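This report concerns only the one structure given below.
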Amino acid sequence: MPDLTHWKILSGVEARDVVLAVDFPITGRPESSFADLAPRLESDYAFWQTVPPSVSPGRMGGGDYVDEWASEVAESGLTVRAVLGFCVGSVYGAALADRLGSWQGKAPALILFDPEQATVSTLHWQFEKILRNMTEILRAEELAALRARAEELAQDRQRDVEQFTTELFNSFLPIGQEALSRSGLDAERTDEMLGIFGSLLSYLSSAARLDSASAWRRATGISSASPESGLNPHRSSRGAKSDAVSAEIRFELGHAELLGSAEVAEAIVKLLRN
């Protein structure tokens with residue numbers, strides 16, 4: 001097994017098959033993660049999770065992410081049984097599955113958890129979620145200023161996703177730096193936290209240039225009951241299956257609970273046996 005830079009092994013070090021999971025894991029985030037799912041899966045395959053690169057918005061394209069992840073998988077010599085994606089990770093997961101399928105001669109299964117496209121509205125929503133998690137360090141006037149700036153940028157139809165994200169990040173930097181320093185963090189830790197924030201925005205926005213539509217149409221979607229998440233905002237009625245995926249399994253769970261649910265894990269084990 002080669003040393004891995006762009007993947008973290010969650011389970012199954014000695015296995016010859018691997019299931020890959022695409023996500024941007026952050027300590028302390030409210031959503032459950034693939035690390036919560038991993039212990040509930042079977043042991044005859046390895047389970048790896050992406051380690052997104054540390055880079056500011058505008059420095060990498062979506063294809064660059066896929067190149068880094070795919071190259072290490074190819075070097076490992078393992079057979080990829082399935083690719084899983086969470087939220088915008090479903091866009092990268094689709095591209096990764098296509099790439100690995102062309103190498104293996106058989107496309108791995110593609111399973112998407114509340115899949116999201118990378119759009120300005122998605123990024124705007126994600127930014128609002130981030131701000132809600134920063135209420136302890138940002139002052140009310142700082143939160144108001146950042147929300148107003150995000151709304152202003154989101155309403156400008158001339159900006160694409162990457163422009164929106166780059167300008168949003170540049171607006172956040174001075175406010176975030178002041179707030180983190182004020183909270184008692186030293187310069188090194190402040191830079192680290194701002195770097196993580198920038199890397200997250202880069203990961204979310206760089207997926208915008210990847211075309212996932214055709215791969216999604218052969219995928220299985222795992223949907224929560226959260227009305228604003230994944231496929232739910234785009235269906236014609238509450239009981240309708242989304243046309244974006246080949247099959248859909250829906251759970252009466254909140255978006256944040258999907259990857260930590262025993263019920264969901266049982267469904268994934270069954271899918272991976274097929």
For the subset of segment 119-161 comprising residues that are within 23 Å of HIS255 (Cβ to Cβ) and of a type in the set (Asp, Glu), which member is modelled with the highest pLDDT? GLU151
Do we find that GLY77 is farther than 23 Å from ALA215 by Cβ and open to solvent by 10 Å² or more (accessible area, probe 1.4 Å) in this structure? yes
Between residues in segment 54-82 that are closer than 23 Å to ILE9 by Cβ and residues that are among the acidic types (Asp, Glu), which pairs lie under 6 Å by C-beta distance while being six or more apart or on different chains? THR79/ASP17; ARG81/ASP17
Checking the conditions here, which among PRO25, PRO57, PRO30 is assigned to a loop (DSSP other than H, G, I, E, B), on the phi < 0 side of the Ramachandran plot and touching a Gly at 6+ places or on another chain (Cβ under 9 Å)? PRO57
With respect to LEU204, determine if the residue is under 29 Å from ASN133 (Cα atoms) and either touching a residue at least 40 places away in the same chain (Cβ under 8 Å) or touching a Cys at 6+ places or on another chain (Cβ under 9 Å) (or both). yes
Can you find even one residue in segment 205-223 that is touching a Gly at 6+ places or on another chain (Cβ under 7 Å) and part of a loop (DSSP other than H, G, I, E, B)? yes
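If you scan segment 137-172, which residues turn out to be touching a residue at least 40 places away in the same chain (Cβ under 8 Å) and either within 23 Å of GLY184 (Cβ to Cβ) or of a type in the set (Lys, Arg) (or both)? Before the answer, list the steps.
Residues of segment 137-172 touching a residue at least 40 places away in the same chain (Cβ under 8 Å): 137-139, 160-162, 164-166, 168-169.
The answer is ILE137, LEU138, ARG139.
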Pull up segment 43-74, narrow it to residues that are crowded, with 16+ Cβ neighbours inside 10 Å and aliphatic (A, V, I, L, M), then point me to the one that is nearest to ARG273 (Cα to Cα). ALA46
Would you mind finding the one in GLY221, GLY230 that is closer than 17 Å to GLY85 by Cβ, open to solvent by less than 20 Å² (accessible area, probe 1.4 Å), at pLDDT 95 or above and among the small types (Gly, Ala, Ser)? GLY221
Looking only at residues that are surrounded by 16 or more Cβ atoms within 10 Å (Cβ to Cβ) and within 25 Å of PRO30 (Cα to Cα) in segment 138-161, which one is farthest from the chain's Cα centre (by Cα)? GLU142
Which pairs do you get when a residue that is within 19 Å of GLY101 (Cα to Cα), found in segment 1-21, comes within reach of a residue that is among the basic types (Lys, Arg), reach meaning Cβ atoms under 6 angstrom, with the pair 6+ apart or on two chains? ASP17/ARG81; VAL19/ARG81
Report every pair of residues separated by at least 6 positions or lying on different chains whose Cβ atoms are under 8 Å apart, first residue within segment 38-51 and without any contact (Cβ under 8 Å) to a residue 60 or more places away in the chain and farther than 16 Å from TRP69 by Cα, second of a type in the set (Ser, Thr, Tyr) and assigned to a strand (DSSP E or B). ALA38/SER11; PRO39/SER11; SER43/SER11
Would you say GLN126 is surrounded by fewer than 21 Cβ atoms within 10 Å (Cβ to Cβ), free of Cβ contacts under 8 Å to residues at least 40 places away in the same chain, among the polar types (S, T, N, Q) and over 16 Å from ALA215 (Cα atoms)? no
Counting only residues that are surrounded by 13 or more Cβ atoms within 10 Å (Cβ to Cβ) and not in a helix (DSSP H, G or I), which one in segment 162-195 is modelled with the highest pLDDT? SER183
Residues ALA145, ALA150, ALA179, ALA187: which one is over 21 Å from VAL91 (Cα atoms) and touching a Lys or Arg at 6+ places or on another chain (Cβ under 9 Å)? ALA179
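The values are calculated or read from the model by the stated rules, or taken from the named source; none is laboratory data. What you see is a predicted model, and the numbers here were worked out from it, not measured in a lab. Cβ coordinates were reconstructed from backbone atoms using ideal geometry, including for glycine residues, and neighbour counts include every protein chain displayed. Protein only, heavy atoms only, side chains kept; ligands, DNA and RNA dropped before computing areas. Shrake-Rupley method; radii C 1.70, N 1.55, O 1.52, S 1.80 Å.
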